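Peer 1: Just dropping this structure here.
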């Protein structure tokens, strides 16, 4: 399949990042969200991100203008119909994703591929909620999407070879390095990463070290570019908690128990960078 137009559902952090990566690579993009304000915020974020690349001489002003021209914002799912591949990048909530997938089934041509950017929900389970399980796949990008080289391409039980191969090639077209992953909660990276972040919250809760020292220890002792608590603030504490809750439910193993401090901070609305307060203040 020759993928030239990408649909993206969700204009938030992941959605607008995916839209930017696709547009810079020469693909046409339709980015859809529930209201125009969200769409405009997404477009403004992409524009600002590209402006920073222009200032660093990593992108010409002409290339920025061309990329922005390739992104069409909309609140109407019908605008997704020309896309060969639609990537769902909505909030990490299974009920919401199922609702979106049902809407797509009613609107999209039968041959259209559908991918989900979920970081933890079963691809097989989501595929079963569609009328195109063979043309459904996981395509897990990492934040910030324009900078991160990895894409996990996750096959559900029903995913066809043709769907996998088309999406794998499209990820390479974006300049990403895709890895093929079997369906399992958390896939590969988050299966390892999020429990590590959760353990850092336990260390903080127990008063073993300050947040700054925990992050410094992991950066200097394991050569990580960012500490686990600062990374949690970047990902969103609510997202980290949601993923841990999926692990507890799916694996039924107490080692995935979310840290009470993480739960408490999410309850307080301290979600990280996006709210101006998480482990750190912004």
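Peer 1: Mean separation of Cα pairs under 8 Å and 6+ residues apart, divided by the residue count of the stretch 191-273: what relative contact order is that in percent? Walk me through the numbers on the way to the answer.
Peer 2: Values: 84 pairs, mean separation 27.2, N = 83.
In percent, rounded to a whole number, it is 33.
Peer 1: A further question follows. Between helix 237-251 and the chain, what is the angle of the helix's C-alpha long axis to the longest principal axis, kept within 0 to 90° and rounded to the nearest 10?
Peer 2: So the inclination is approximately 90 degrees.
Peer 1: May I pose another question? Rg/Rh for the stretch 191-273 to two decimals, with Rh computed the Kirkwood way over all alpha-carbon pairs.
Peer 2: 0.95
Peer 1: Oh, and also: Please report, in cubic angstrom per residue, the volume enclosed by the convex hull of the alpha-carbon atoms of the stretch 1-47.
Peer 2: 62 Å³
Peer 1: With equal scatterers on the alpha carbons only and no solvent term, can you work out the Debye log10 of I(q)/I(0) for the chain at 0.10 1/Å?
Peer 2: -0.53
Peer 1: Now, a different point. Find the centroid of the Cα atoms in the stretch 238-282 and in the stretch 11-57, then give the distance between the two in whole Å.
Peer 2: Cα centroid of the stretch 238-282 versus Cα centroid of the stretch 11-57: 27 Å apart.
Peer 1: Between residue 131 and residue 224, what length in nm is gained on full extension when 0.36 nm per residue of separation is reduced by their alpha carbon distance?
Peer 2: Taking residue 131 through residue 224 to full extension adds about 29.3 nm, to one decimal.
Peer 1: Next question. Can you give me the angle between helix 36-55 and the longest principal axis of the chain, using Cα atoms only, in degrees from 0 to 90, rounded to the nearest 10?
Peer 2: So the helix axis and the longest Cα principal axis differ by about 80 degrees.
Peer 1: While we're looking at this one, here's another question. Given an 8 Å cut-off on Cα distances and at least 6 residues of separation, report the relative contact order of the chain as a percent.
Peer 2: Relative CO of the chain lands at 14 percent.
Peer 1: Turning to a different aspect of this structure: Express as a percent, rounded to the nearest 5, the fraction of DSSP beta bridges in the stretch 124-192 (both residues included) that run antiparallel.
Peer 2: Of those bridges, close to 40 percent are antiparallel.
Peer 1: Going by alpha carbons, how many degrees (0 to 90, nearest 10) lie between the helix axis of 189-205 and the longest principal axis of the chain?
Peer 2: Helix 189-205 and the main axis of the chain meet at about 30 degrees.
Each reported figure results from applying straightforward, stated rules to the coordinates on display, with no laboratory input. Model, not experiment: these values are computed from the prediction.
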